Amino acid sequence: MTMYIVTILAESQSGCSFQPPFSSAERNITEKDAPHIFTILAGPSPWQQFLKRNLDAHKKDIPATPMRIVTDGEFARRYNGIFGESPSADAQGFVDRASATIYLREFPTRNFNQTKAGLALHEAVHLFSHPPGRSNRLRATAYGLLETGLLEGLTQIVTEDIQAAQCIRPLRTEWQAYKEYLPVARRFVEIFTPALVADAYFNGSITPPVNAITRRWTIDGFRRVRQLTNQKKTDQALQAIETLEQTYRSRSRIIGFQQIFRGAR
């Protein structure tokens with residue numbers, strides 16, 4: 001995966017070889033643009049092998065109109081009907097996994113029957129995370145481990161990596177609903193590796209990251225990071241991670257010294 005990321009970055013710097021349907025995440029789209037969003041989703045990115053496999057296997061499951069753009073009132077009504085609660089004020093979309101349908105608010109205000117390509121791409125990543133396509137599960141398999149903050153942060157990492165690989169200009173900062181989650185999620189992926197996190201996110205393999213977290217950190221420490229991330233306390237979450245990492249490095253040094261001492265005996 002490291003070599004693939006280097007290749008993608010090199011292409012981005014020299015001009016993208018792949019021509020996506022849109023050149024900007026701020027492009028206005030309608031419900032009819034769902035096929036274009038799926039084309040971008042399957043295109044070049046560090047996550048392509050996972051996304052394309054899920055798309056190829058489950059694209060047949062999605063309905064004829066897999067993306068609905070609705071008013072604020074309709075958005076809140078449908079969200080409550082599925083999740084039993086009101087959506088957060090900054091939520092721009094969600095996935096109804098039972099019908100394999102993406103729901104998006106009209107955005108920005110008074111942009112009737114339209115939203116932005118970058119917001120739709122974020123929800124499309126959700127739709128083809130595990131379990132991909134149509135499912136009886138209410139939320140992604142990784143939700144139980146990552147919860148809202150880390151899951152949305154990871155989804156936005158994938159979204160932004162796709163955009164960067166395809167030279168799609170990102171949304172302006174004030175339109176990015178999950179920007180507080182992003183630095184924590186990126187640090188989490190850096191520590192536990194893209195391959196391990198992707199296997200959980202796209203394939204539903206939760207046990208390996210749980211084992212990795214318990215070996216490297218503590219369950220209580222991870223829960224603290226997760227809670228702070230959910231609360232959008234980005235700096236505190238990053239500091240909590242650094243404290244856990246310092247403890248891990250100190251423990252590793254002690255174990256290393258012990259092994260050297262035993263070897264010298």
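Screening Gly133 with (1) at pLDDT below 95; (2) open to solvent by 10 Å² or more (accessible area, probe 1.4 Å) gives one miss only, at (2). Every condition in (1) in a loop (DSSP other than H, G, I, E, B); (2) over 28 Å from Ala124 (Cα atoms) holds for Ala177 except the one numbered (2). Restricting Glu74, Glu85 to those that are part of a helix (DSSP H, G or I) and over 27 Å from Ser205 (Cα atoms) reduces the list to Glu74.
For Ala200, the conditions (1) open to solvent by 20 Å² or more (accessible area, probe 1.4 Å); (2) farther than 28 Å from Ser23 by Cα all hold with the exception of (1). Assess whether Leu171 counts as being part of a helix (DSSP H, G or I) and either under 27 Å from Pro21 (Cα atoms) or under 14 Å from the mean Cα position of the chain (by Cα) (or both). Answer is no for this residue.
Scan region 202-220 and tell me whether some residue there is hydroxyl-bearing (Ser, Thr, Tyr) and touching a helix residue (DSSP H, G or I) at 6+ places or on another chain (Cβ under 7 Å). Yes, that holds for at least one residue. Going by the structure shown, is Arg77 over 30 Å from Glu190 (Cα atoms), of a type outside the set (A, V, I, L, M) and without any contact (Cβ under 8 Å) to a residue 12 or more places away in the chain? When the stated conditions are applied, Arg77 passes them. Listed conditions (1) at pLDDT 95 or above; (2) closer than 21 Å to Thr155 by Cβ; (3) open to solvent by less than 70 Å² (accessible area, probe 1.4 Å) are all met by Ser86, apart from (3). When you look at Arg134, is it under 29 Å from Ala195 (Cβ atoms) and among the basic types (Lys, Arg), yes or no? The answer is yes for Arg134. Screening the candidates Ala140, Ala64 for the property of being over 14 Å from the mean Cα position of the chain (by Cα), in a loop (DSSP other than H, G, I, E, B) and among the aliphatic types (A, V, I, L, M) yields one hit, Ala64. The residue list Ala57, Ala142, Ala124, Ala120 contains one member that is among the small types (Gly, Ala, Ser), touching a His at 6+ places or on another chain (Cβ under 8 Å) and in contact (Cβ under 8 Å) with a residue 40 or more places away in the chain, which is Ala142. Residues in region 187-197 that are surrounded by fewer than 16 Cβ atoms within 10 Å (Cβ to Cβ) and farther than 23 Å from Leu41 by Cβ: 1 in all.
The residue that is least open to solvent (accessible area, probe 1.4 Å), counting only those in region 89-104 that are farther than 20 Å from Arg137 by Cα and out of contact with any helix residue (DSSP H, G or I) (no Cβ under 9 Å at 6 or more places or on another chain), is Asp90. In a residue-by-residue description of region 47-61, the property of being outside any helix (DSSP H, G or I) and either over 18 Å from Leu171 (Cβ atoms) or in contact with a Lys or Arg (Cβ under 6 Å, 6 or more places away or on another chain) (or both) applies to at least one position. Within region 42-83, being among the polar types (S, T, N, Q) and surrounded by fewer than 18 Cβ atoms within 10 Å (Cβ to Cβ) holds for Gln49, Thr65, Thr71, Asn80. Kindly indicate whether any position in region 148-160 is open to solvent by less than 10 Å² (accessible area, probe 1.4 Å), farther than 21 Å from Ser88 by Cα and assigned to a helix (DSSP H, G or I). Yes, that holds for at least one residue.
The values are calculated or read from the model by the stated rules, or taken from the named source; none is laboratory data. None of these values were measured; they are calculated from a predicted model. Using ideal geometry, Cβ is built from the backbone for each residue, glycine included, and neighbour counts are taken over all protein chains shown. These area figures cover heavy atoms from the full protein model, side chains too; ligands, DNA and RNA do not enter into them. Shrake-Rupley method; radii C 1.70, N 1.55, O 1.52, S 1.80 Å.
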